[in-house]
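Below is one structure; the comments refer to it alone.
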Amino acid sequence: MILLKNATIFDGENLGTAYEDLLLKDGVVARRGTDLSAEGAEVFDLGGKLVCPGFIDLHVHFRDPGYEWRENTESGARAAAGGGYTTVVTMPNTEPAVDNPVTVEYLVARGKKAGASRVLPAGCVSKGRQGKQLAELALMAESGAVFFTDDGAPVSDAKLLKTALLYSRDLDVRIMEHPEEPSLSAKSQVNEGAVSAASGMKGCPASAEVIDIQRGIILSRETDSPIHFTHVSTELGIDAIRQAKKEGLPVTCDVTPHHLSLDETYVLVSRFSSAYKVNPPLRARKDVKALWDAVADGTVDAIVTDHAPYHLDDKDVPFQEALSGIASLECSVAVVLDTWAKTGKPVPLERLLELFTSGPAALLSRPWRSLGSLKEGAPGDVTVLDLEAIQRVDVNQWKSKARVCPWDGEMLQGWPVMALVEGRVVMNRLKDPE
Amino acid sequence: MEWRHKNLITLEGWTREELGFFLDQTEYMEELLNRPIKKVPALRGKIVMNCFFENSTRTRASFEIAGKVLSADVINWSSSGSSASKGETLRDTVWTLEAMAADAVVVRHGEVGVPDYLAKKLTKASVFNAGDGTNGHPTQALLDLYTARQKLGNLEGAKMAIIGDVLHSRVARSDIQAFRKMGVHVTLSGPATLMPENTASLGVGYVSDAREAAEGADILYFLRMQRERQEDGLIPSIDEYHRRWGATDSLVSLASPRAVVMHPGPMNRGMEIASSVADGPRSVILDQVRSGVAVRMALLYLCLGGVR
């Protein structure tokens with residue numbers, strides 16, 4: 001039993017106006033009220049800190065199975081807890097790929113054994129992530145897959161994508177598309193724009209993203225099946241999704257902390273530090289602005305890290321040799337809060353918090369949708385934020401195996417200080433219970 | 001002038017005054033090259049490592065000559081004969097160079113940003129960029145500037161046309177940077193498929209028609225054209241390219257009366273430049289090569305502690 005006292009409570013929709021208490025019992029939310037007491041409960045006096053439904057990250061790479069020297073389920077789940085996330089969705093671009101129920105079950109079991117944040121696997125759309133034949137979607141759904149995606153790559157074959165949309169429609173599991181038209185993005189290293197012009201490196205144009213998004217929207221309309229676009233990075237791409245939503249189509253999307261906080265100029269200013277190499281690439285300033293506008297107007301449904309850990313031998317190399325990806329699980333919440341505060345709080349706090357809680361929860365399959373609230377009876381998943389806390393990012397303290405990060409050494413304001421999964425403390429930077 | 005640069009990775013941080021001072025120093029160095037005995041003890045006891053991970057003839061030779069004229073010990077570390085071909089990471093190579101007490105590392109590499117990477121990792125040695133992928137070739141830009149200044153005098157307000165495959169050219173990128181700093185107006189020309197998406201961000205103009213770019217120009221700079229661009233489908237044929245953007249007598253005749261024709265070499269005669277232009281009265285291509293040695297002498301001299 002855990003009693004969180006004197007907290008400002010965000011319940012997934014609204015922000016409380018007075019200090020309240022929250023009692024967690026038997027792994028679920030038991031009561032919300034003022035001046036609660038419970039005999040035998042561990043009591044944490046939060047002194048006004050923010051209690052939220054446990055944060056959910058719909059897009060992480062834990063490299064398990066196959067690339068465990070970069071990350072594995074245990075290090076990843078612990079990193080997620082350290083970063084204030086209580087639930088993460090792992091991408092299936094592993095070796096072998098997660099394209100069958102057995103591997104899904106393996107990951108669920110590995111996640112439970114890690115005893116940190118909840119690990120929910122995504123399965124592949126296609127067998128072996130080859131983009132040719134449909135994977136066993138229904139069996140993977142039964143085994144606990146919460147998304148289907150060939151992430152790392154798009155489902156390039158339009159017929160296959162249409163088939164997957166139709167087939168998954170009644171499985172209550174969404175297709176997550178990595179929007180990229182490969183013929184336009186091939187061999188690209190940076191955004192097509194100022195950095196590609198200045199360095200001569202091949203640029204990835206915005207058209208590569210929006211063409212795939214438009215294709216997905218058209219197929220979603222035709223099949224009447226939901227589609228989710230992940231790590232949307234361009235103004236054009238987000239505009240297309242806004243239009244589709246206006247039309248009432250079941251189209252959703254997420255954006256990443258790095259595309260919300262960094263633009264392409266960091267590649268030049270850092271003199272080609274590989275920490276800034278990521279796919280989709282860091283975009284122009286106008287794209288960053290467009291993503292924030294989309295956060296404000298409700299076009300964006302979730303913020304996801306796309307946590308992409310690598311070994312130093314993959315990443316501490318010259319820019320063009322380095323693999324693409326940013327590892328940020330353990331600082332991404334602070335990155336978003338810090339950027340939000342420093343850009344003059346462009347959206348209300350509630351809106352921002354929705355994108356870590358009720359927003360992503362609504363995209364999960366039915367058993368997990370209550371993760372986004374703190375109603376009585378909801379899972380006892382809680383993330384506690386201290387918006388005033390200022391702390392330096394230090395990759396050497398990370399639970400993740402990654403050691404390259406764009407924000408390493410930076411002072412950021414606004415950090416998760418406690419995380420609970422089913423009423424169990426998985427991260428605590430507060431003092432001991434009273 | 002107190003010389004504050006230890007490395008030359010890019011000319012971005014160099015001021016116009018520094019460029020001017022550098023070109024003056026280069027003049028002294030060229031005088032040295034005219035002496036019967038081309039050797040001074042300025043850099044005796046210094047070790048210069050020539051690390052060429054990509055083929056090069058003139059840049060490599062000219063760095064080697066520059067070091068030797070100044071009495072530095074120059075070691076050639078080539079990728080084929082070294083551990084780079086055995087799959088050693090660049091990180092390990094760097095630490096090896098450091099352990100061997102190199103005072104300067106001259107690096108050419110096929111990838112953008114490798115000299116930056118070396119400069120971040122090396123704690124003692126100077127790093128000189130001898131060409132990194134499509135990104136930069138700053139000593140080429142310095143020798144081009146030096147040659148142009150020798151022929152034309154003050155470059156302020158001069159007009160320059162850079163014609164060819166700008167998209168893949170590190171020479172074009174460094175020259176744009178350097179010539180703009182000296183007050184030169186730069187216009188690019190070439191097929192749109194061989195231009196960066198965003199030429200305006202480079203601070204230069206672009207015209208498709210080479211004749212328009214050449215009209216009244218004081219410097220005509222032709223870039224190397226590679227056959228693989230045709231294979232990549234970026235141009236339909238070499239012949240079409242030569243007719244529209246190649247250095248021909250008729251194109252050169254449109255330039256200003258004092259105009260010079262430059263090319264970074266090696267030339268593909270009949271492709272981006274006709275022999276009559278390459279060997280013609282406007283061509284300063286061999287002067288560029290000679291300037292290359294003097295420029296690299298000045299660089300080694302200034303950055304390795306000649307005047308402190």
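The values are calculated or read from the model by the stated rules, or taken from the named source; none is laboratory data. Keep in mind the model is a prediction, meaning the values are calculated, not measured. Reconstructed Cβ throughout: ideal geometry from the backbone, glycine too, with neighbour counts over all protein chains shown.
Before moving on, here are some points about what is shown:
- Flag for B:Thr89 being surrounded by fewer than 23 Cβ atoms within 10 Å (Cβ to Cβ) and either free of Cβ contacts under 8 Å to residues at least 24 places away in the same chain or not assigned by TED's automatic domain parsing to the domain that holds B:Ala294 (or both): yes
- Qualifying residue in the range B:163-171 (condition: crowded, with 20+ Cβ neighbours inside 10 Å, over 16 Å from the mean Cα position of the chain (by Cα) and away from every other protein chain (no Cβ under 13 Å)): no
- Put simply, of A:Ala141, A:Ala109 the only residue that is free of Cβ contacts under 8 Å to residues at least 24 places away in the same chain and closer than 24 Å to A:Ala77 by Cα is A:Ala109.
- Selection from the range B:109-139 of residues that are under 13 Å from B:Cys51 (Cβ atoms) and away from chain A (no Cβ under 13 Å): B:Leu122, B:Ala125, B:Ser126, B:Phe128, B:Ala130
- Residue identified as surrounded by fewer than 22 Cβ atoms within 10 Å (Cβ to Cβ) and either out of contact with any His (no Cβ under 8 Å at 6 or more places or on another chain) or not assigned by TED's automatic domain parsing to the domain that holds A:Gln413 (or both) among A:Asp99, A:Asp45, A:Asp64, A:Asp21: A:Asp45
- Within the span defined as the range B:191-199, one or more residues are touching a Gly at 6+ places or on another chain (Cβ under 8 Å) and of a type in the set (D, E, K, R).
- Every condition in (1) surrounded by fewer than 16 Cβ atoms within 10 Å (Cβ to Cβ); (2) outside the structural domain of B:Pro257 (by TED's automatic domain parsing) is met by B:Gly153 except one, and the failing one is (2).
- Residue list for the range B:237-266, restricted to those being in a loop (DSSP other than H, G, I, E, B) and modelled with pLDDT under 95: B:Ser237, B:Gly265, B:Pro266
- The range A:396-416, residues that are free of Cβ contacts under 8 Å to residues at least 40 places away in the same chain and not polar (S, T, N, Q): A:Gly409, A:Glu410, A:Met411
Residue by residue, here is whether (1) outside the structural domain of A:Ala153 (by TED's automatic domain parsing); (2) free of Cβ contacts under 8 Å to residues at least 60 places away in the same chain; (3) within 19 Å of the chain's Cα centre (by Cα) holds:
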{"position": "A:Glu68", "(1), (2), (3)": "no, yes, no"}
{"position": "A:Gly76", "(1), (2), (3)": "no, no, yes"}
{"position": "A:Gly84", "(1), (2), (3)": "no, no, yes"}
{"position": "A:Pro92", "(1), (2), (3)": "no, yes, yes"}
{"position": "A:Glu105", "(1), (2), (3)": "no, yes, no"}
{"position": "A:Lys113", "(1), (2), (3)": "no, yes, no"}
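- Of residues in the range A:189-202 being within 8 Å of chain B (Cβ to nearest Cβ) and free of Cβ contacts under 8 Å to residues at least 40 places away in the same chain, the one nearest to the chain's Cα centre (by Cα): A:Glu192
- Every residue from the range B:189-205 that is of a type outside the set (Val, Ile, Thr) and either within 11 Å of another protein chain (Cβ to nearest Cβ) or part of a helix (DSSP H, G or I) (or both): B:Ala192, B:Leu194, B:Met195, B:Pro196, B:Glu197, B:Asn198, B:Ala200, B:Ser201, B:Leu202, B:Gly203
- Hits in the range A:377-421 (condition: among the acidic types (Asp, Glu) and in contact with a strand residue (DSSP E or B) (Cβ under 6 Å, 6 or more places away or on another chain)): A:Asp381, A:Asp386
- Qualifying positions in the range A:233-286 - touching a strand residue (DSSP E or B) at 6+ places or on another chain (Cβ under 9 Å), away from chain B (no Cβ under 14 Å), closer than 22 Å to A:Pro205 by Cβ and charged (D, E, K, R): A:Asp254
- In the range B:206-236, the residues that are under 23 Å from B:Val260 (Cβ atoms) and not in a loop (DSSP other than H, G, I, E, B): B:Tyr206, B:Ala210, B:Arg211, B:Glu212, B:Ala213, B:Ala214, B:Ile219, B:Leu220, B:Tyr221, B:Phe222
- Residue in the range A:112-125 that is closer than 19 Å to A:Ala402 by Cα, β-branched (Val, Ile, Thr) and at pLDDT 95 or above present: yes
- Test: residue in the range A:175-184 that is touching a residue at least 12 places away in the same chain (Cβ under 8 Å) and within 14 Å of chain B (Cβ to nearest Cβ): yes
- Single residue of the range A:67-96 satisfying the filter (assigned to a loop (DSSP other than H, G, I, E, B) and of a type in the set (S, T, N, Q)) that is surrounded by the fewest Cβ atoms within 10 Å (Cβ to Cβ): A:Asn72
- Boolean, B:Val112 is under 25 Å from A:Asp314 (Cβ atoms), modelled with pLDDT of 95 or more and buried (at least 16 other Cβ atoms within 10 Å of the Cβ): yes
- In the range A:203-212, the residues that are among the aliphatic types (A, V, I, L, M) and more than 11 Å from every other protein chain (Cβ to nearest Cβ): A:Ala208, A:Val210, A:Ile211
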